[in-house]
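Working notes, structure below.
Read the figures in this text as sums done on the coordinates, not as results from a lab. For clarity, every value in this text was computed on a predicted model and none was experimentally measured. Here the Cβ positions follow ideal geometry from the backbone for every residue, glycine too, while neighbour counts run over all protein chains shown.
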C-alpha cells in the first residue's frame, strides 16, 4: 500500500482507537498489531477475534463481487493460508444489527472465501481472523476502497460501480466532494464513473466484467458519442455471442476483437469490409486493403482489379 493510501487509511480510522475489552470471549491478542498513538507515543494492543466464517456476511455495499470468487482465482491465497497454518492478516468487520450473521465484512472478502473453502474441504480447524471496528457507511466505503485500490484482482468495473453508488449515497452526487475525500483527482474519478455508466449491452459484450477496463471506457467514449446507435447495435450482437459462450456453446469473443468490431460499426458503410465481386475492399483512415481468395485465378483477379480501379477513378 502506498504512503498516500496509508495516510488516507489513518484518516478513516482516526478517533477509533479505544481499546477493546481485554477478556472478550474468542479474542486473540496480537502484539504485532499494536497501534502507535500519535499524541503520546504509547502503543495500544489490538484485540482480534478468530471466528467461524459462517458468522460473517459481506457488507451489502462491499466493492468486490463475491460471487466471482472461485477456487481458481483464490488458489494463491488458499495455498498461502494452508502453508502458514493460519490467516496472517485480519479482515475488518463491523457488528450487524438484528438476526442472522453477527458480523459484516468491510475488507477481506477473498480471505473469507479462502477460509470458507478450506473448512469445507477437509481443513475444519481454520478460522477467520477479524478485527471489529465501529464504522459509518461512508468510513466503511473509504476503508474498503483504500485497501483494494492497488489490488490487481479487483476489476476496474467492480471499482467503478462502487464509486457510482457511493457518489449518491455518501456525497450527495457531488463529484468534487467525493474526489476530495478519496484524495484523487476529479478527472481520475470521472473516468471511473463513466465506466460504471456504460450501457448494459456494451458491458455484456465483454467476455466477463473483470475484463472490462477503464482504458476501454476511454476508447468507447468518442465512439458512443459520435455513433451511439451503431455501437449499441453491434454490442447487442456481440453480447448475444458472449451469452452463448457463457452457456457453454462456443468460444468467447476476445476483448481485442470486441473493440475492433465496435470501432468498425462506426465507419460509413462504404468504408466497412464489403464484397466487390471476388475482390473485397476495406478502408480504414488513409489505408485501403484489398482481399481476395488465395486460389483466385489470374484473369479473374485482373478483371476484378480493373473493375475496382474503374469504380475508384472512373
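How much length is gained on full extension from residue 187 to residue 60, taking 0.36 nm per residue of separation minus their Cα-Cα distance?
Here the segment from residue 187 to residue 60 would lengthen by 43.0 nm.
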So for R0 = 35 Å, FRET eff. of residue 176-residue 230 from the Cβ-Cβ r, to 0.05, ends up at 0.55
Mind sorting 209, 106 by how few other Cβ atoms lie within 10 Å of their own Cβ, fewest first? 209, 106
Hey, rough spin-label estimate for residue 246 and residue 203, points 7 angstrom out along Cα→Cβ, what's it come to in nanometres? 1.0
As a footprinting exposure proxy, order 206, 188, 117, 50 by other Cβ within 10 Å, with the fewest listed first. 188, 50, 117, 206
Based solely on C-alpha atoms, express the radius of gyration and the Dmax of region 155-197 in angstrom. 9.1, 25
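Counting other beta carbons within 10 Å of each Cβ, put 288, 203, 231 in order, fewest first.
288, 203, 231
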At 7 Å along the Cα-to-beta-carbon direction for both residue 291 and residue 211, put a label point, then send me their distance in nm to one decimal. 2.0
Convex hull over the alpha-carbon atoms of region 191-234: what's its volume per residue in Å³? 64
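Would you mind giving the average projected area, over all directions, of the Cα convex hull of region 126-216 in nm² with one decimal?
Mean projected area for region 126-216: 7.6 nm², to one decimal.
Mean 1/r over all different Cα pairs, inverted: what Kirkwood radius does region 103-157 give, in Å?
12.9
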Along principal axes, Cα extents of region 201-265, largest first, whole Å: 35, 21, 15
